[in-house]
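Novice: To start, I am sharing the structure in question, which I have written as structure tokens.
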Amino acid sequence: MPETRATPRPTRCLIIGSGPAGYTAAVYAARALLEPVLIQGIQPGGQLTITTEVENWPGIIETQGPDLMVQMEAHAKAVGTQVIADHVISLDLSRRPFKATCDSGAVWHADAVILATGAQARWLGLPSEEKYKGFGVSACATCDGFFFRGKEVIVIGGGNTAVEEAIYLTNLATKVTLVHRRDALRADKILQQRLFNNPKVEIVWDHLPDEILGTPADGVTGVRLKHAKTGEPREIAASGVFIAIGHTPASELVKDQLETHMGGYVVTGGISGGISGGFSTATSVPGVFAAGDVTDHVYRQAVTSAGMGCMAALEAEKFLTEQADAAARAAE
């Protein structure tokens, strides 16, 4: 009987997500002869596809984010990964094999799953913000702050992320203006103290961004603000604007199935074992591993995501080997 789209397709290792974590996991899983299947998702390549210059990937002095992801995809395919242009809409982790149903109607049964669905920065939702993304508007100071050495920048936000980004940027920029919609920050007190004591920082209270200003030739040139109470406008000149109002992990697939914290980040750390003990990508369900920004609320870097992808693949291989050994002993 010919196979239909609804006929389950088996795989030893299913990787969900196609950012640095997913593609690195695919390379290692393929080299371990797991014959992995990688489902790319709605945004193949992840957040790096909306990044322009990348200058912090080891071994490559400068490249474009989309180009780097094309190379990583090609590498994963070259070593034997089956890369599928599809989107997983539901994932059943209640029993093995795990069941993934895709938007196309395809159904996959997997002995192990590596979740690498990433996270998305929260944005302001301004049309001008979208216009200048990658041309002066960023959501990652450690990724893009280097491009604003000796320039003035603005950080939008009032929590830990915003304050940490502002403090980091003082090492590069001549002036950092923190804009917050309230009259007090939500960040930890120790971070606030460091911010207030930094002579390069100016804080604009009770203001909201109304428009990112710029030109096609120069990119961002400043921000138009409005007072949160009176609506009175104000403009501030700057070469860069960093949006730091938080991130949202893409963990909807595993909601109520895996342990999460910090607003949806998947908890990892040796629950189902791990090559290195407590330092692990294992989740609360044995056979399910998480890597990259879906579990990382601290670093959120491409290189750390890739490292976790490597860990997840090695741990998935170890898990599958142990399962096979146990099955063989039971059959004796």
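Novice: Under the condition of being of a type in the set (S, T, N, Q) and out of contact with any strand residue (DSSP E or B) (no Cβ under 9 Å at 6 or more places or on another chain), which residue from segment 143-184 is farthest from THR221 (Cα to Cα)?
Specialist: Once the filter is applied, the top-ranked residue is ASN160.
Novice: Additional query: In segment 184-220, what residues are among the acidic types (Asp, Glu) and under 21 Å from GLU129 (Cα atoms)?
Specialist: ASP206, ASP210, GLU211, ASP218
Novice: Here is a further query. Confirm whether ALA21 is farther than 26 Å from ALA139 by Cβ and modelled with pLDDT of 95 or more.
Specialist: no
Novice: For the condition of a type in the set (S, T, N, Q), over 23 Å from ARG122 (Cα atoms), touching a residue at least 24 places away in the same chain (Cβ under 8 Å) and not assigned by TED's automatic domain parsing to the domain that holds VAL298, what is the one hit in THR161, THR174?
Specialist: THR174
Novice: Could you grab me the full set of residues in segment 211-220 that are in a strand (DSSP E or B) and free of Cβ contacts under 8 Å to residues at least 24 places away in the same chain?
Specialist: Answer for segment 211-220, where residues must be in a strand (DSSP E or B) and free of Cβ contacts under 8 Å to residues at least 24 places away in the same chain: just THR215.
Novice: Is it the case that some residue within segment 53-64 is buried (at least 18 other Cβ atoms within 10 Å of the Cβ) and under 19 Å from VAL294 (Cβ atoms)?
Specialist: Within segment 53-64, not a single residue is buried (at least 18 other Cβ atoms within 10 Å of the Cβ) and under 19 Å from VAL294 (Cβ atoms).
Novice: Every residue in segment 191-207 that is buried (at least 16 other Cβ atoms within 10 Å of the Cβ) and among the polar types (S, T, N, Q), please.
Specialist: Answer for segment 191-207, where residues must be buried (at least 16 other Cβ atoms within 10 Å of the Cβ) and among the polar types (S, T, N, Q): just GLN192.
Novice: Also: Tell me, yes or no, whether segment 313-326 has at least one residue that is farther than 16 Å from THR268 by Cα, aliphatic (A, V, I, L, M) and modelled with pLDDT of 95 or more.
Specialist: yes
Novice: Still on this structure, please answer the following. Determine if segment 49-66 includes at least one residue that is under 17 Å from ASP86 (Cα atoms) and over 15 Å from the mean Cα position of the chain (by Cα).
Specialist: No, every residue in segment 49-66 fails to be under 17 Å from ASP86 (Cα atoms) and over 15 Å from the mean Cα position of the chain (by Cα).
Novice: Here's another thing I want to ask about it. Looking at ALA141, ALA100, ALA112, ALA119, can you tell me which residue is in contact with a helix residue (DSSP H, G or I) (Cβ under 6 Å, 6 or more places away or on another chain) and over 30 Å from VAL163 (Cβ atoms)?
Specialist: Among ALA141, ALA100, ALA112, ALA119, only ALA112 is in contact with a helix residue (DSSP H, G or I) (Cβ under 6 Å, 6 or more places away or on another chain) and over 30 Å from VAL163 (Cβ atoms).
Novice: So the check is Cβ under 6 Å with 6+ separation or different chains; which pairs have a first residue in segment 186-200 that's in the same structural domain as ILE154 (by TED's automatic domain parsing) and a second one that's modelled with pLDDT of 95 or more and in a loop (DSSP other than H, G, I, E, B)?
Specialist: ARG186/GLY158; GLN192/LEU185; ASN198/THR170; LYS200/THR170
Novice: Grab the helices (runs of 4 or more DSSP H) fully contained in segment 108-181, keeping just those with 3 or more residues being modelled with pLDDT of 95 or more and small (Gly, Ala, Ser).
Specialist: Counting at least 3 such residues, we get no helices (runs of 4 or more DSSP H) at all.
Novice: Looking only at segment 89-144, how many residues end up being β-branched (Val, Ile, Thr) and surrounded by fewer than 23 Cβ atoms within 10 Å (Cβ to Cβ)?
Specialist: 4
Novice: From the list ASP183, ASP210, ASP188, exactly one residue is within 24 Å of ASN160 (Cα to Cα), of a type outside the set (A, V, I, L, M) and crowded, with 16+ Cβ neighbours inside 10 Å. Which is it?
Specialist: Residue meeting the stated conditions: ASP210.
The values are calculated or read from the model by the stated rules, or taken from the named source; none is laboratory data. Everything quoted here is computed from the prediction, not taken from an experiment. Positions of Cβ are backbone-derived with ideal geometry, glycine not excepted, and every protein chain shown enters the neighbour counts.
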